[in-house]
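To start, the structure under review is shown below, and the notes come after it.
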Amino acid sequence: MSAAAPGAIPTGSRRAVFFDRDGVLNETTVREGTPHPPARPEELRIARGAPDALRALRGAGFFLVVVTNQPDVARGTQRRDIVEAINARLRAALPFDAIYVCYHDDRDACSCRKPQPGLLLQAAAEHAIDLPKSFMIGDRWRDIEAGRRAGCLTIRLEQPYARADPESAPDYQTRSLPDAASWILARCAPAGGIP
């Protein structure tokens, strides 16, 4: 499938759930109030309830996509091959279908670093995803804003390190990924559509 024109929102027939990685699918290490992703594959800890939540969503027919900012690569404090190894371990542990990574920092002014919706738009174009019938789950305002800009319904997982942004209010807020999955499933019509 050809890529969508810049700024265009692709349309398709597949419903998806987009997930931020750190703080949503895996645990973060919080130091001095700031969360940090795993530094190497051995540090990866899957978030409680994530496997069951993803299996339930996949069982309902959702295409599952991870969209993650990894700016430490641009900052020179992490290597891309290590991030890819962490992602490979995550893929082995959880039943998602695709992963999209932005390796840039804010100064790069790219279209893929959340809150820009570039990763979601790319996934939609490549996998025929219907964004208005899809969901974005994240723990930070950047995730919620990226989902909103892409046309998805949004869910914020409350974390003590992440401030809420009234300008990027989610459609739903919860403390657990299983509850987020239940909210999504409750919105599915019997025929499998989103009302």
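Here are some notes:
- Relative pair counts by distance (%), Cα atoms of segment 62-123, 10 Å bins: 22, 49, 27, 2
- Taken about its Cα centre, segment 16-161 carries a charge dipole of about 100 debye when Lys and Arg each add +1 at the Cβ and Asp and Glu each add -1 at the Cβ.
- Burial order of peptide ranges 161-168, 89-96 (average beta-carbon count within 10 Å, highest first): 89-96, 161-168
- Cβ-based net charge around residue 24, under 13 Å, with every Lys or Arg adding one and every Asp or Glu removing one: +1
- Summary value for the chain: 26 percent relative contact order, contacts being C-alpha pairs under 8 angstrom separated by 6+ residues.
- Descending by average beta-carbon neighbour count within 10 Å, the peptides 67-76, 19-28, 169-178 line up as 19-28, 67-76, 169-178, the highest first.
- Based on the reciprocal of the average 1/r between different C-alpha atoms, the Kirkwood radius for segment 16-161 equals 15.3 Å.
- Alpha-carbon centroids, segment 140-162 and segment 79-128: separation in whole Å: 15
- Amide H within-cut-off set for residue 100, under 5 Å, with H built and near neighbours excluded: 66, 67, 68
- The 3J(HN,Hα) values that the Karplus relation (6.51, -1.76, 1.60; θ = phi - 60°) gives for segment 40-56 are, in residue order, 8, x, 5, 8, 5, 10, 5, 5, 4, x, 4, x, 5, 4, 5, 5, 5 Hz. Gly and Pro appear as x.
- Unit charges at the beta carbon, dipole of the chain: most positive-side option, 178, 110, 69: 178
- Amide H contacts for residue 14 (H built 1.01 Å from N in the peptide plane; partners 5 or more residues away or on another chain; cut-off under 5 Å): 129, 130.
- Separation in nanometres of the label points that stand 7 Å from Cα toward Cβ, at residue 171 and residue 77: 3.4
Values quoted throughout were computed directly from the atomic coordinates according to the rules given, and no laboratory measurement underlies them. What you see is a predicted model; the values in this text were computed from it and never measured. Cβ sites come from the backbone with ideal geometry, for glycine too, and all protein chains shown count toward neighbours.
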